[in-house]
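Participant: Before I ask anything, here is the structure I am working with.
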Amino acid sequence: MKKLDYQYALKPDWQSDARLEKQATANQSNIVNLTLSDNTGFAELNPEKYTWLLSFTYQSTHKKKSGSVCVLLDNNEQNTVDHRQYFEAGETGTRYLNLSGLLADDQTLSQWQLAYDHCLLMPDATLLGFKKPDIHHGPILIIAPHADDAELAAYGVYSDFSDQVWITTINAGQNVQSLDRQYITGLDGNLKDAVSRKAKIRAWNSMTTPLLAGVKLERLSSLGYFNLTKDTFYNAPEKQQNDSLCPELTPAISRALNTMTLPNDELNISSGQRLVDDLASLLDQIKPTSVFVTDPEIDPHPEHIMSAHALALAIQQSDHIPDRVFMYVNHLRKIKKFPYGPEHARTALPPWYESTSKFGHYSCYSHQLTLKTQKEKVVSFDSMHDLRSKPRIQKMLKAWWHKKVLKSGYQFYGYHHYFQTHIKANEVFTFVDGKTFSDSLIQKE
């Protein structure tokens, strides 16, 4: 069995040692009670104002089946809750269970029980509480490296705060691997035309999907950059980038529906400095108190890392510093199935194994999605051409096997794996203040 401890540079606002103690009755051998060493301190808090993570030692008991932990609040039958979260098969180590949103003011921790399948839970645990940030006041800017990144990570956030949300998409997303990989087979007869068409379609996706959640068109922008990396900003910020298959491609192809005026509208070139100028202008125009962007430490996608560095440099250049920067993860190294488990399960922070961070320490925020919002998120995925994976025979058989034979709870709303992994009951972020984000990330000379 592989031993891997999840580790993060977390700084909780409140914490207490906890115990997971088994039920005495034999027919409830897979249920434990959660008790705290500091129950009095917990009782003085308003649990709804905190994100709650339980750090515990997990041990899988099956090589292939994922272990699951189910949160039960069953002292009152009418309030029985079955919130399940899934963890790796064949592994053991420290894991984090997301308990956010499960307690109201009139409930106590003594009502918490955990049931588990295909795993064991060790007795010692720690409950971590993080004060929820005040994102209800002030503008929110969500930065998406590509069309669909905002939906994958933060559809629930931008749906719940649609009247104060702005969304900008950085990359044109124009890459076409081959003519048989076009969105519509046989539509274009050469790669040059296919590249241009894909850029237009992805811009359309990024500018229309948020309308489903009530975000106004005037608060959406598509920037159309391409071929930028983190090193671009530090080694060749003014160098104009060209697409190898479509040399005449420019950011203008993505900006047709923009209503905001940005510095690069007239220059119309793809370069590191022009992107920083545009983001700095967005900060100055919107003056967001909260900004969402990809996590440059955990998310390995080069254009996701690039986007975080572009924001850091834009904060340095802008006259406005956001109160906080939230970081999200849409990709993981060698892991495609996270968040684990079927649609609508709970989730927490992604697998990570470093206790230190270039940001020093960071806090955690879990945003809960109602079932209604989760299903609306499914529709937002379906509106994205990039997530319209074809129903190949292997995928159809897998869906049938899970639903009819294994009865694993998967719905298979779509054939792209994001329909399973990212339709979850929580959207989870880490965050730091805006100055710390910028100062910590910018590479010094």
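Participant: Report every pair of residues separated by at least 6 positions or lying on different chains whose Cβ atoms are under 6 Å apart, first residue within the stretch 28-49 and touching a residue at least 12 places away in the same chain (Cβ under 8 Å), second open to solvent by 50 Å² or more (accessible area, probe 1.4 Å) and assigned to a loop (DSSP other than H, G, I, E, B).
Facilitator: Listed by first residue and then by second, the contacts come to Lys49/Lys132.
Here is a yes/no grid of residues against (1) part of a loop (DSSP other than H, G, I, E, B); (2) in contact (Cβ under 8 Å) with a residue 12 or more places away in the chain; (3) open to solvent by 30 Å² or more (accessible area, probe 1.4 Å):
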| position | (1), (2), (3) |
| --- | --- |
| Asn242 | yes, yes, yes |
| Leu245 | yes, yes, yes |
| Leu262 | yes, yes, no |
| Gln285 | no, yes, yes |
| Pro288 | yes, yes, no |
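Participant: Let me ask something else about it. Tell me yes or no: at least one residue of the stretch 325-344 is acidic (Asp, Glu), open to solvent by 40 Å² or more (accessible area, probe 1.4 Å) and in contact with a helix residue (DSSP H, G or I) (Cβ under 8 Å, 6 or more places away or on another chain).
Facilitator: Keep residues of the stretch 325-344 that are acidic (Asp, Glu), which gives 343.
From what is left, the residues that are open to solvent by 40 Å² or more (accessible area, probe 1.4 Å) are none.
No, the stretch 325-344 contains no residue that is acidic (Asp, Glu), open to solvent by 40 Å² or more (accessible area, probe 1.4 Å) and in contact with a helix residue (DSSP H, G or I) (Cβ under 8 Å, 6 or more places away or on another chain).
Participant: Output the number of the condition that Ser66 fails; it satisfies all remaining conditions of (1) surrounded by fewer than 14 Cβ atoms within 10 Å (Cβ to Cβ); (2) over 20 Å from Gly129 (Cα atoms); (3) not charged (D, E, K, R).
Facilitator: Of the numbered conditions (1) surrounded by fewer than 14 Cβ atoms within 10 Å (Cβ to Cβ); (2) over 20 Å from Gly129 (Cα atoms); (3) not charged (D, E, K, R), the odd one out for Ser66 is (1).
Participant: Related question: Regarding Ser366, is this residue modelled with pLDDT of 95 or more and farther than 20 Å from Asp134 by Cα? I'd like the intermediate steps shown before the answer.
Facilitator: On the way: modelled with pLDDT of 95 or more: yes; farther than 20 Å from Asp134 by Cα: no.
Considered against the rule, which asks whether it is modelled with pLDDT of 95 or more and farther than 20 Å from Asp134 by Cα, Ser366 comes out as no.
Participant: Suppose we filter the stretch 122-137 for residues that are in contact with a helix residue (DSSP H, G or I) (Cβ under 9 Å, 6 or more places away or on another chain) and either of a type outside the set (Gly, Ala, Ser) or open to solvent by 30 Å² or more (accessible area, probe 1.4 Å) (or both); how many remain?
Facilitator: The first filter runs over the stretch 122-137 and keeps only residues in contact with a helix residue (DSSP H, G or I) (Cβ under 9 Å, 6 or more places away or on another chain), leaving 127, 129, 131-132, 135-137.
Checking which are either of a type outside the set (Gly, Ala, Ser) or open to solvent by 30 Å² or more (accessible area, probe 1.4 Å) (or both) leaves us with 127, 131-132, 135-137.
Adding up the residues that qualify gives 6.
Participant: What pairs can you find where one residue is in the stretch 407-418 and small (Gly, Ala, Ser), the other is in a helix (DSSP H, G or I), and their Cβ atoms are less than 7 Å apart, with a gap of 6+ or different chains?
Facilitator: Going by the 7 Å Cβ cut-off, the qualifying pairs are Ser408/His402; Gly414/Phe381; Gly414/Asp382; Gly414/Leu387.
Participant: Would you check if there is a residue in the stretch 383-397 being on the phi > 0 side of the Ramachandran plot and either in a loop (DSSP other than H, G, I, E, B) or surrounded by 17 or more Cβ atoms within 10 Å (Cβ to Cβ) (or both)?
Facilitator: At the first step, the residues of the stretch 383-397 found to be on the phi > 0 side of the Ramachandran plot are none.
Checked against the condition, which is being on the phi > 0 side of the Ramachandran plot and either in a loop (DSSP other than H, G, I, E, B) or surrounded by 17 or more Cβ atoms within 10 Å (Cβ to Cβ) (or both), the stretch 383-397 yields no hits at all.
Participant: Pairs, please: C-beta under 9 Å, at least 6 apart or cross-chain, first residue assigned by the TED database to the domain that holds Ala213 and open to solvent by 10 Å² or more (accessible area, probe 1.4 Å) and in the stretch 148-165, second small (Gly, Ala, Ser) and part of a helix (DSSP H, G or I)?
Facilitator: Listed by first residue and then by second, the contacts come to Asp148/Ser206; Asp148/Ser380; Ser159/Ala213; Ser159/Ser380; Asp160/Ala213; Ser162/Ala213.
Participant: Considering only residues of the stretch 299-323 that are in a loop (DSSP other than H, G, I, E, B) and open to solvent by less than 10 Å² (accessible area, probe 1.4 Å), which is nearest to Gln241 (Cα to Cα)?
Facilitator: Taking the stretch 299-323 as the starting set, the residues that turn out to be in a loop (DSSP other than H, G, I, E, B) are 299-301, 318-323.
Remaining after also requiring open to solvent by less than 10 Å² (accessible area, probe 1.4 Å): 299, 322.
On the way: Asp299: 24, Pro322: 29 Å.
Only one residue tops the list, namely Asp299.
Participant: Moving on. Six or more apart or on different chains, Cβ atoms under 7 Å: show the pairs whose first residue is in the stretch 324-341 and part of a strand (DSSP E or B) and whose second is of a type in the set (Asp, Glu).
Facilitator: Listed pairs, sorted by first residue: Arg324/Asp433; Met327/Asp295; Tyr328/Asp295.
Participant: In addition: Considering each residue of the stretch 160-180, count those that are in contact with a strand residue (DSSP E or B) (Cβ under 7 Å, 6 or more places away or on another chain), in a loop (DSSP other than H, G, I, E, B) and over 17 Å from Pro139 (Cβ atoms), and give that number. Please lay out each step first, then the result.
Facilitator: At the first step, the residues of the stretch 160-180 found to be in contact with a strand residue (DSSP E or B) (Cβ under 7 Å, 6 or more places away or on another chain) are 161, 164-172.
When the remaining residues are screened for being in a loop (DSSP other than H, G, I, E, B), the result is 161, 172.
Those still in the list that are over 17 Å from Pro139 (Cβ atoms) too: 172.
Residues meeting the conditions: 1.
Participant: Considering each residue of the stretch 3-53, count those that are within 23 Å of Glu91 (Cα to Cα), assigned to a loop (DSSP other than H, G, I, E, B) and of a type in the set (A, V, I, L, M, F, W, C), and give that number.
Facilitator: Final tally of qualifying residues: 2.
Participant: Then there's this: Could you tell me which residue of the stretch 361-377 is farthest from Leu441 (Cα to Cα), considering only residues that are open to solvent by 10 Å² or more (accessible area, probe 1.4 Å) and of a type in the set (A, V, I, L, M, F, W, C)?
Facilitator: Selected residue: Leu371.
Participant: Assess whether Pro296 counts as being in a loop (DSSP other than H, G, I, E, B) and either at pLDDT below 95 or open to solvent by less than 10 Å² (accessible area, probe 1.4 Å) (or both).
Facilitator: Working: in a loop (DSSP other than H, G, I, E, B): yes; either at pLDDT below 95 or open to solvent by less than 10 Å² (accessible area, probe 1.4 Å) (or both): no.
It is false that Pro296 is in a loop (DSSP other than H, G, I, E, B) and either at pLDDT below 95 or open to solvent by less than 10 Å² (accessible area, probe 1.4 Å) (or both).
Participant: Out of all the residues in the stretch 354-372, is one or more in a loop (DSSP other than H, G, I, E, B) and aromatic (Phe, Trp, Tyr)? Break it down into steps so the answer makes sense when it comes.
Facilitator: Looking only at the stretch 354-372, we keep the residues that are in a loop (DSSP other than H, G, I, E, B), and these are 354-356, 358-359, 361, 369-370.
Remaining after also requiring aromatic (Phe, Trp, Tyr): 359.
Looking through the stretch 354-372, at least one residue is in a loop (DSSP other than H, G, I, E, B) and aromatic (Phe, Trp, Tyr).
The values are calculated or read from the model by the stated rules, or taken from the named source; none is laboratory data. What you see is a predicted model, and the numbers here were worked out from it, not measured in a lab. Quick reminder, even Gly has a Cβ in these numbers, built from the backbone with ideal geometry, and neighbours come from all protein chains shown. Accessible surface is based on the protein model in full, side chains and every heavy atom, while ligands, DNA and RNA are left aside. Shrake-Rupley method; radii C 1.70, N 1.55, O 1.52, S 1.80 Å.
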